[in-house]
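Throughout, read-outs are computed from the coordinates displayed, never taken from laboratory work. On a predicted model such as this, the values are computed, not experimentally measured, just so you know. Using ideal geometry, Cβ is built from the backbone for each residue, glycine included, and neighbour counts are taken over all protein chains shown.
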Amino acid sequence: MEVYPMIHGVEIKKLVTHTDERGFFREVIRVSDAIFPEGFGQWSHTMSHTGVAKAWHVHRRQTDWWYVACGTIRAALYDTRPGSPTCG
């Protein structure tokens, strides 16, 4: 199931996977990506047990890059930016 009620400024990048008899190669991010203008800051890896909710907090400004290596992610985003077309 894919649900994307979009928030202004949120982008989803579809990844390309190259598969052969040895396995696969997937490029996650590169500096030349059009959606990567600010430069690279940090790449983190986390694991959560089933049914766990984490990270309810507010960022005044933040760019996040999420990559799900296995399993699924459910992300809830809420736009608090005054003047944004998707605020509230």
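Quick notes on this structure:
- Across the range 75-88, rounded Karplus estimates of 3J(HN,Hα) from the backbone phi angles (6.51 cos²θ - 1.76 cosθ + 1.60, θ = phi - 60°) give 10, 10, 10, 10, 8, 9, 6, x, x, 6, x, 10, 4, x Hz, Gly and Pro being marked x.
- Between the beta carbons of His57 and Met6, assuming R0 = 22 Å, the FRET efficiency works out to 0.55 to the nearest 0.05.
- Label sites at Thr72 and Arg22, each approximated as a point 7 angstrom past Cα along Cα to Cβ, lie 3.3 nm apart.
- Residues Tyr78, Tyr67, ranked from the fewest to the most other C-beta atoms within 10 Å, line up as Tyr78, Tyr67.
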